[in-house]
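Okay, so here's the structure we're looking at.
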Amino acid sequence: MRRLTAVLSAAAVVVATSVLFAQAKPNFAGKWVLEPAAAADGGQMMAGGGQGGGRMGGRGRGMRGGWGQNVTISQDANALTVEYTQGQNPVKAVYKLDGSESHNTMTGRGGQSMDQVSKAAWDGNAIVITTTTQFGEQKRTLSMEGDNLVLTTSTQNGDVKATYKKGM
């Protein structure tokens, strides 16, 4: 009977450990490069800059709703920091991961600063960042597909998916 109890206890520890590892959240930290195929698929690239054309501001060539060609992400238990270039302007945004408001200032048309209010939180193994600007609401979802970072941007105009590989 003691032997059976010992075997069952050991099995319970193995199962509990595997469940804990299966529930670990992904770490999005790293330097990421936009996959060329991702830019060509679905017409994701468009004139208008890093935040998109038309109403969403920016100039030049960029990802509609994406973070451009190269992005650097830092992550800890409390925050996600995203750094990329929009046109000639470096952008650094910090998002609290507890669902509370984060304020970031972005450079818009003509060099004008725009305040963005965002709320970021985990949704399963993805981070969802909902941002409100003077132009409306945008939802960005970061997830992992294998070793790739997938950024899905949702606006009133639809969804855009960008795939990034580790690099640089």
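Residue-by-condition table, conditions (1) at pLDDT 95 or above; (2) under 17 Å from residue 72 (Cα atoms); (3) out of contact with any helix residue (DSSP H, G or I) (no Cβ under 9 Å at 6 or more places or on another chain); (4) not in a strand (DSSP E or B):
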{"site": "82", "(1), (2), (3), (4)": "yes, yes, yes, no"}
{"site": "91", "(1), (2), (3), (4)": "no, yes, yes, no"}
{"site": "94", "(1), (2), (3), (4)": "yes, yes, yes, no"}
{"site": "99", "(1), (2), (3), (4)": "yes, no, yes, no"}
{"site": "103", "(1), (2), (3), (4)": "yes, no, yes, no"}
{"site": "110", "(1), (2), (3), (4)": "no, no, yes, yes"}
{"site": "114", "(1), (2), (3), (4)": "no, no, yes, no"}
{"site": "119", "(1), (2), (3), (4)": "yes, no, yes, no"}
{"site": "122", "(1), (2), (3), (4)": "yes, no, yes, no"}
Going through the range 127-168 in order, the residues found to be surrounded by fewer than 17 Cβ atoms within 10 Å (Cβ to Cβ), of a type in the set (A, V, I, L, M) and either touching a helix residue (DSSP H, G or I) at 6+ places or on another chain (Cβ under 6 Å) or more than 17 Å from residue 84 (Cβ to Cβ) (or both) are 144
Hits in the range 132-151 (condition: at pLDDT below 95 and part of a strand (DSSP E or B)): 132, 133, 136, 137, 138
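The values are calculated or read from the model by the stated rules, or taken from the named source; none is laboratory data. The shown structure was predicted, so the numbers you read here are calculated from the model rather than taken from an experiment. When we count neighbours, we look across all protein chains shown, and the Cβ atoms used for this are built from the backbone with ideal geometry, even at glycine.
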